[in-house]
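Enquirer: Shown below is the structure under consideration.
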Amino acid sequence: MSESPPPPSSQNAPDEALQARLQQLRDEFPEALLEERLSEAEMDFTVAPAALADFVDALRRLLLPPQHAFCDACGVERAEGIEAVYRLSLLMEPRRVTIRTLVPRNKALLPTLTHLYKGALWAERELAEMFGVHFEGHPDLRHLLLPEDWQGYPLRKDYEVPRAHPYLAPDPLREAPERVLGAEAAAEDANS
């Protein structure tokens with residue numbers, strides 16, 4: 001008994017519609033869309049740095065449902081430069097969307113996504129502070145985790161920890177509480 005092909009079902013329609021919208025995205029960014037990896041669980045795009053904000057705006061318009069959310073952004077230091085990775089979540093589907101872009105270490109400049117996602121405000125501040133990526137158009141690039149006078153980008157591999165920085169000085173209360181509090185107070189503090 002031979003198997004006959006299954007009848008066309010309505011399950012193929014969403015895949016065809018998705019493919020058509022993906023093709024629109026490819027047509028709109030023929031040079032800027034550098035790579036795409038698609039699976040049941042994830043859509044992963046690599047785009048040129050200058051086209052990041054325009055690509056994400058088109059992605060929202062053409063491909064993403066209204067029920068999606070900005071998850072996070074992070075940085076990864078690669079041999080070729082600093083990679084910014086943005087993650088979006090589709091709330092009604094078990095699929096995640098990742099957008100990657102790679103900037104040179106010595107000219108780490110990207111357009112901001114804060115006008116598209118308010119959640120990008122802090123994530124981009126952290127990327128700027130920890131990796132030295134500057135975001136054009138970001139409304140507030142003050143330091144998020146470190147003091148404003150901090151020098152360097154701590155998550156870059158070539159970063160050297162400043163040994164004499166006052167924020168990195170040993171904490172005598174943590175290392176030898178009996179010297180700071182006195183022996184009786186330190187023992188009392190340890191017992192409580």
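Enquirer: Here is a check on your reading of the model: is GLU40 part of a loop (DSSP other than H, G, I, E, B) and either among the small types (Gly, Ala, Ser) or exposed (fewer than 13 other Cβ atoms within 10 Å of the Cβ) (or both)?
Expert: In short, yes.
Residues checked against (1) touching a helix residue (DSSP H, G or I) at 6+ places or on another chain (Cβ under 6 Å); (2) assigned by TED's automatic domain parsing to the domain that holds GLU40; (3) surrounded by 15 or more Cβ atoms within 10 Å (Cβ to Cβ); (4) of a type in the set (Phe, Trp, Tyr):
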site: VAL103; (1), (2), (3), (4): yes, yes, yes, no
site: ASN106; (1), (2), (3), (4): no, yes, no, no
site: ALA128; (1), (2), (3), (4): no, yes, yes, no
site: GLU148; (1), (2), (3), (4): no, yes, no, no
site: ALA169; (1), (2), (3), (4): no, no, no, no
site: LEU173; (1), (2), (3), (4): yes, no, no, no
site: GLU178; (1), (2), (3), (4): yes, no, no, no
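Enquirer: How many residues does the stretch 121-137 hold that are out of contact with any Asp or Glu (no Cβ under 9 Å at 6 or more places or on another chain) and on the phi < 0 side of the Ramachandran plot?
Expert: Result for the stretch 121-137: 9.
Enquirer: Within the stretch 106-119, track down each residue that is assigned to a helix (DSSP H, G or I) and either farther than 21 Å from LEU33 by Cα or in contact with an Asp or Glu (Cβ under 8 Å, 6 or more places away or on another chain) (or both).
Expert: Restricting attention to the stretch 106-119, the residues satisfying the condition of being assigned to a helix (DSSP H, G or I) are 106-107.
ASN106 - this is the single residue of the stretch 106-119 that is assigned to a helix (DSSP H, G or I) and either farther than 21 Å from LEU33 by Cα or in contact with an Asp or Glu (Cβ under 8 Å, 6 or more places away or on another chain) (or both).
Enquirer: Give the number of residues within the stretch 23-54 that are in contact (Cβ under 8 Å) with a residue 40 or more places away in the chain and of a type in the set (A, V, I, L, M).
Expert: The qualifying residues number 7.
Enquirer: Right, next: Can you work out which of the residues in the stretch 20-54 that are among the polar types (S, T, N, Q) and at pLDDT 90 or above is nearest to the chain's Cα centre (by Cα)? Don't jump to the end; show me each part of the working.
Expert: Pass one, the stretch 20-54, residues among the polar types (S, T, N, Q): 23-24, 39, 46.
Imposing the further condition that a residue be at pLDDT 90 or above reduces the set to 23-24, 46.
On the way: GLN23: 25, GLN24: 25, THR46: 13 Å.
Within the stretch 20-54, the match that is nearest to the chain's Cα centre (by Cα) is THR46.
Enquirer: Scanning for something under 30 Å from LEU168 (Cβ atoms), among the small types (Gly, Ala, Ser) and assigned to a helix (DSSP H, G or I), does the stretch 125-140 turn up at least one residue? Before you say what the answer is, go through the steps one by one.
Expert: Kept after step one, since they are under 30 Å from LEU168 (Cβ atoms), are these residues of the stretch 125-140: 125-135, 138, 140.
Now drop any that are not among the small types (Gly, Ala, Ser), which leaves 128, 132.
Still in the list and also assigned to a helix (DSSP H, G or I): 128.
Scanning the stretch 125-140, I find at least one residue that is under 30 Å from LEU168 (Cβ atoms), among the small types (Gly, Ala, Ser) and assigned to a helix (DSSP H, G or I), so the answer is yes.
Enquirer: Could you list, in sequence order, all residues of the stretch 55-79 that are over 14 Å from the mean Cα position of the chain (by Cα), touching a residue at least 24 places away in the same chain (Cβ under 8 Å) and either closer than 18 Å to LYS118 by Cβ or surrounded by fewer than 17 Cβ atoms within 10 Å (Cβ to Cβ) (or both)? Talk me through it step by step, then tell me what you get.
Expert: First pass over the stretch 55-79, keeping only residues over 14 Å from the mean Cα position of the chain (by Cα): 55, 57-68, 78-79.
Okay, now just the ones that are also touching a residue at least 24 places away in the same chain (Cβ under 8 Å), so 55, 57-60, 62-65, 67-68, 78.
Listed by number, the residues that qualify are ASP57, LEU59, ARG60, LEU62, LEU64, PRO65, GLN67, HIS68, ARG78.
Enquirer: Name the one entry in LEU113, LEU109, LEU102 that is touching a strand residue (DSSP E or B) at 6+ places or on another chain (Cβ under 6 Å), closer than 19 Å to HIS143 by Cα and modelled with pLDDT of 95 or more. Can you show your working first?
Expert: Details: LEU113 fails: touching a strand residue (DSSP E or B) at 6+ places or on another chain (Cβ under 6 Å); LEU102 fails: closer than 19 Å to HIS143 by Cα.
Criteria check complete, one pass: LEU109.
The values are calculated or read from the model by the stated rules, or taken from the named source; none is laboratory data. Bear in mind the structure is a predicted one, so any value in this text is a computation, not a measurement. Every residue, glycine among them, receives a Cβ derived from its backbone with ideal geometry; neighbour counts consider all protein chains shown.
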